[in-house]
Amino acid sequence: MRLANKVCTITGVGSGIGRATAVQFARNGATVVAIDHNTAELEKTCHLIEQAGGICQAIAADVSCEAEVEKAIAQAVETFGRLDVLHNNAGISILKLATEMTEEEFDRLLGVNLKGVFFGCKHAIPQMLRQGGGTIVNTASELALVAQPFYAAYCATKGGVIHKSRVELT
């Protein structure tokens, strides 16, 4: 995968898939705009990217807040002049039966896992259209398609990510 001269914005880079993707994109020549709410882990990821010879711009943001997502994408475009790839990767899980989950916990899952994807697309697509194209990757989960005990709310949010992604293609 050649990503030389591409500006790639990735959410949820503080660990797991997001961190691994950010580092791999940098190794393949991308400039990485790294977004995470956990500033300590965000800085660790940027350090790994820089150690790999990449360029990283760290932006602390909560993807469940539209204003923060809008600002992060605008900052990436202002700094680098374009946005070639958006990887909506940020996600959380709360392991509880649906009957035991609080409204606040459910709202947090919806905010990060589903609204974060929606807001990322909402603010990246106009920029990508202006520049003649781009790529959006939305991380879902096999649990969007398969039921798992204690994951009812998580499964619902990841199912929403799949259907939201399909809508953008039509």
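In whole Å, what are the Cα extents of the range 25-147 along the three principal axes, biggest one first?
In descending order, the Cα extents are 47, 33, 27 Å.
Once you sort the root eigenvalues of the Cα gyration tensor of the range 104-162 as a ≥ b ≥ c, which label holds: rounded (a/c under 1.5), prolate (a/b larger than b/c) or oblate (the other case)?
Working: a/c = 5.24, a/b = 2.08, b/c = 2.53.
Note, shape of the range 104-162 comes out oblate.
Which value in deg cm²/dmol, rounded to the nearest 500, describes the helix-derived mean residue ellipticity at 222 nm for the chain, given -39,500 (n - 2.57) per DSSP H run of n ≥ 4 and division by the residue count?
Values: 6 runs with 80 residues, N = 170.
Taken over the chain, the calculation gives -15000 deg cm²/dmol.
Cysteines of the chain lacking any other cysteine beta carbon under 4.7 Å?
Isolated Cys, the chain: Cys8, Cys65, Cys121, Cys155.
Just reorder His87, His123, His37 by solvent-accessible area, largest first, 1.4 Å probe, all chains present.
His37, His123, His87
Of the cross-linked pairs Lys96/Lys158; Lys6/Lys44; Lys122/Lys158; Lys44/Lys122; Lys6/Lys164, which ones have a Cα-Cα span greater than 20 Å in the structure shown?
Details: Lys96/Lys158 16 Å; Lys6/Lys44 22 Å; Lys122/Lys158 18 Å; Lys44/Lys122 28 Å; Lys6/Lys164 25 Å.
The answer is Lys6/Lys44; Lys44/Lys122; Lys6/Lys164.
Relative to the Cα centre, what is the charge dipole magnitude of the range 72-148, using +1 at the beta carbon of each Lys and Arg, -1 at the beta carbon of each Asp and Glu, and rounding to the nearest 20 debye? Could you put the intermediate results ahead of the total?
Details: 6 positive and 8 negative charges, 76 e Å.
That gives the range 72-148 a dipole magnitude of about 360 debye.
Where nothing but the Cβ of Lys and Arg (+1) and of Asp and Glu (-1) is charged, how large is the charge dipole of the range 16-170 around its Cα centre, in debye to the nearest 20?
Working: 13 positive and 17 negative charges, 107 e Å.
Approximately 520 debye in magnitude.
The values are calculated or read from the model by the stated rules, or taken from the named source; none is laboratory data. None of these values were measured; they are calculated from a predicted model. For neighbour counting, all protein chains shown are included, and Cβ atoms are generated from backbone atoms with ideal geometry for every residue, glycine included. Ligands, DNA and RNA are excluded from the accessible area calculation, which covers all protein heavy atoms including side chains. Shrake-Rupley method; radii C 1.70, N 1.55, O 1.52, S 1.80 Å.
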